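Student: Dropping a structure here in C-alpha cells format, bear with me for questions.
The values are calculated or read from the model by the stated rules, or taken from the named source; none is laboratory data. Keep in mind that this is a model prediction, so the values were computed, not measured. For neighbour counting, all protein chains shown are included, and Cβ atoms are generated from backbone atoms with ideal geometry for every residue, glycine included.
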Amino acid sequence: MCVILEHEARPLSTSCTLCSSASNPPQEALIRCTDCFAFPSFCKVCALSHHPFHHLQCWSGTHYTPTTLKDLGFTLNFGHNGAPCPGYATMQAIFNPESSQEDLAVEDTQDSEHHLLLGPDVHNSSNHTGDMRETSHMTIINQAGIFEHNVRWCICANHDEHHVQLLRHGLFPSTTRDPRTAFTFSCLDAYHIDIVECKTSASSHFAKLRRLTNEAFPHIVKVCLLIPNCLGTLIMAIGPIP
Ligand SMILES: [Zn+2]
Ligand SMILES: [Zn+2]
Ligand SMILES: [Zn+2]
C-alpha cells in the first residue's frame, strides 16, 4: 500500500525524463503522464511533444492535478508530421510582411525544434494581429477518453479537405463538412469489440468514455449529445457485426 501511495507524491528525481541529460541545468519536471510506463515526468516543452491522447497531471506544489495538452498550449498540426504547415508563414509574409520577419524567424526555430507552436500567447496574439495562423477547436474521441485540442490544418497548395486530413492521421471525422469531432480508429475498434463481446449500447460505451475523461464528474464533460448516435452509425457503416 505504501508503494502505491508513493505515486501520489513527487518522485525523488525532479528533472525531466526526456531532456535532463541534454540540458544544463536540468529542466524541472512538473508534468507527468499517467498513461505511460512508470508515470514519467516532463518539463513543459517535453510534455508538449508528448502523445496527444494520454492523460497528464501537473504538480501544484502540494499534489498532482489533472491538466491537458490544450491547457498547456499544445496545437495539433496536420499535414507535416506534427510540424506547423509552412503555408501560414508564407501567408503572413504576403499579408503582413512588416511584423512577420523577426517574429517568424524566432518561432520557426522553436517550431523546428519542438514540432509545435508553444504557448497559448502565440495563438491569442495571432488573433489580434489578423494573421493567418488561426487554430480550430476539435473534440477527438479516443478509447482512453475524450480530448479537446486546438488544431491547425495544412493549407499548402493542393491540400486535402479537412476530413481527408483527419483520415490521413488516423482520425475518423464525424462529418465530411467542416468536422469538429473525430474518432481515433482504436476507439472505433474498441467499441466494435464492446458490441460483439459485451452487447454494449452506444450510449453506455459513450458514458464509459465520459467517465474515463472525468471520473468524479463525468456529466461536466462537454460533448454533443448526438455523438453516441454518431458512434453507433459509424460502426454500422464501417463493418457488419457478427
Ligand atoms: Zn524536458
Ligand atoms: Zn504518455
Ligand atoms: Zn501544409
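Student: Please work out if Cys58 is more than 10 Å from ligand 1 (Cβ to nearest atom) and under 28 Å from Ile141 (Cβ atoms).
Tutor: Here the answer is yes, as Cys58 does meet what is asked.
Student: Among the residues of segment 94-112 satisfying the criterion of being surrounded by fewer than 16 Cβ atoms within 10 Å (Cβ to Cβ) and of a type in the set (Gly, Ala, Ser), which is modelled with the highest pLDDT?
Tutor: Among residues in segment 94-112 that are surrounded by fewer than 16 Cβ atoms within 10 Å (Cβ to Cβ) and of a type in the set (Gly, Ala, Ser), the one modelled with the highest pLDDT is Ser99.
Student: What residue, among those in segment 135-194 that are at positive phi and either assigned to a helix (DSSP H, G or I) or of a type outside the set (D, E, K, R) (or both), is surrounded by the most Cβ atoms within 10 Å (Cβ to Cβ)?
Tutor: Among those that are at positive phi and either assigned to a helix (DSSP H, G or I) or of a type outside the set (D, E, K, R) (or both), it is Gly145.
Student: If you don't mind, another one. Scan segment 27-48 for residues that are farther than 23 Å from His149 by Cβ and more than 8 Å from ligand 1 (Cβ to nearest atom) and jot them down.
Tutor: If the condition is that a residue be farther than 23 Å from His149 by Cβ and more than 8 Å from ligand 1 (Cβ to nearest atom), then Glu28, Phe37, Ala38 are the ones that fit.
Student: Quick one: in segment 31-63, which of the residues that are among the hydroxyl-bearing types (Ser, Thr, Tyr) and more than 14 Å from ligand 2 (Cβ to nearest atom) is farthest from Thr213 (Cα to Cα)?
Tutor: It comes out as Thr62.
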